[in-house]
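The values are calculated or read from the model by the stated rules, or taken from the named source; none is laboratory data. Nothing here was measured: the structure is a model prediction, and the numbers come from that model. Every residue, glycine among them, receives a Cβ derived from its backbone with ideal geometry; neighbour counts consider all protein chains shown. For accessibility, only protein heavy atoms count, side chains too; no ligands or nucleic acids. Shrake-Rupley method; radii C 1.70, N 1.55, O 1.52, S 1.80 Å.
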Amino acid sequence: MALLNLDLVYFSHFLPSRFRSMRQPRLSTAPRLRPQAVAVVAAMEAPRNKPSVCTADELHRVPVADSGWSLALWRYIPPPKAERRNHPLLLLSGIGTNAIGFDLTPESSFARFLSNQGFDTWILELRGAGLSTIIGESRVETNGVPPPEAPSAIIPGAPTESFVPSVKEKRMLVESHNSQRQSVSMVSQTYTHLFQKLSTFPNEGVFEARQSQVRDLSGRCINIIGEGQWMIAPPLFDLQGFIAQLDDFQKQLDLILKYNWDFDHYLKEDVPAAMEYIRTLCKPKDGKLLAIGHSMGGILLYAMLSQYGFEGKDSGLASVVTLASSLDYRSSKSLFKLLLPLADPVQALNVSFIPLGALLAAAHPLMFRPPYVFSWLAALFSAQKVHPELLEKLVLNNFGTIPSNLLLQLATAFEEGGLRDRNGTFFYKHHLRKSNVPVLAIAGDRDILCPPEAVYETVKVIPGNLVTYKVFGEPDGPHYGHYDVVGGPSAPEQIYPCLSKFLVRHDTA
């Protein structure tokens, strides 16, 4: 499958500094579930360089081959007195979230609890989340030799002689004119070449609308360049306005190319790269990991078990815990239906991304303060009496930007057959029965995003001897919402011991 692969050309001699920082993400041209060996040399942040937001013991960075992304891995090292476990533990969070949700406060830290139980615990921040960053900028500098000058032209309607300049003024005018024309010609040729390449990248399912967007932008920019390239009278050409239009174009193009991933990129590139890194560093005897996924994190684990089961391969997982996750939401009244752009997928693709974090940050004052217009949003996260300051910390710090491609693919979980791959041909739920990995599936009784019936819709296709299904919540309370199964006030006493016991049972070497 051919995907967009750009060789961006930079021209520092002719453009301001803002044009010299364009990032260059690349999509993998050969997706695979098991990546090549990952080098671990110099991959851990020096303690003095670890950002203060990272509350883990260590911060590691994992490059994803051919993607331009460096993923962040938060590591929690078990205390010396804790019982040593055989397998490292990988934690995966939900859509558009970072590692903070697993370590919101020391009193109810999901990650720290498991680390104290002896598990070498790692939280993966997928591409675009938290401290994961774009790397590998490619900068091809020009050699300073200006291209051949374009032929002169007379602009219709322009006066042929508006003033009679002196010899000095003529020399200054010619020099200014030549410099300006060379700059514009250089930009023109470079950008035209770039956007001609962009306009020809292949039509690949969910990338079809991206192709249309880039072609529209390309045509508009080339028109801008065309109008400016043949201007010979400097007073008639606003170079600063021209540069501003190119700057605006670059920002739009940068957003389209930056937020270009979907669920399958997580599944086939990010998670395998992180697993290989952890496996290489921790060296478990059987080469396997334990894994826990919340919301979309659990969906990723289900999809991985399905994919490997279909291929008849070892998943590299000793056991899996899913929290509020499902591959098929049709039987439920999940409010995710209101959050995903299901009504018009074409319209969804016309928007490159959804700034979920920014939207929640804008709404949060009215969630926690009078007149409480958006107080109902708190029910999306918790059914318990979470301290307002902690809930506010979660809302303001745990969410980021979501690409529309990712939302569109996840929306197939509400369609016949459940979640599909980006090509729409592989149904992850259909092949989950072929997995041989033990699964603990946990649901919250008051979860309005992934209700128990949605969780069970996936659980029921897993062989009965391999799956354990538990719904947490009592008639008289406490009740569990979507986030409560991870960081609710009652989770440390009720949920954490349950999943720790399950992991220990399946931690045999």
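Observations
- Residues located in the range 450-461, provided they are surrounded by fewer than 23 Cβ atoms within 10 Å (Cβ to Cβ) and in contact with a Leu (Cβ under 7 Å, 6 or more places away or on another chain): V461
- The residues in the range 71-111 that are open to solvent by 10 Å² or more (accessible area, probe 1.4 Å) and in contact with a Pro (Cβ under 7 Å, 6 or more places away or on another chain) can be counted, and the count is 2.
- Note on the range 322-362: among residues that are of a type in the set (S, T, N, Q), at pLDDT below 80 and assigned to a loop (DSSP other than H, G, I, E, B), the one that is surrounded by the most Cβ atoms within 10 Å (Cβ to Cβ) is S352.
- Checking each residue in the range 260-314 for being part of a strand (DSSP E or B) and aliphatic (A, V, I, L, M) picks out L289, L290, A291, I292.
- Filter result for F399 (open to solvent by less than 60 Å² (accessible area, probe 1.4 Å) and at pLDDT 95 or above): no
- Residue within the range 406-429 that is touching a His at 6+ places or on another chain (Cβ under 8 Å) and within 28 Å of T55 (Cβ to Cβ) present: no
- For the range 55-87, filtered to residues that are touching a Phe, Trp or Tyr at 6+ places or on another chain (Cβ under 6 Å) and outside any strand (DSSP E or B), the residue that is nearest to G287 (Cα to Cα) is R85.
- Checked against (1) touching a strand residue (DSSP E or B) at 6+ places or on another chain (Cβ under 6 Å); (2) under 24 Å from G316 (Cβ atoms); (3) crowded, with 23+ Cβ neighbours inside 10 Å, H506 passes all but condition (3).
- Residue selection: V471 satisfies the criterion of being open to solvent by 10 Å² or more (accessible area, probe 1.4 Å), within 19 Å of I448 (Cβ to Cβ) and among the aliphatic types (A, V, I, L, M).
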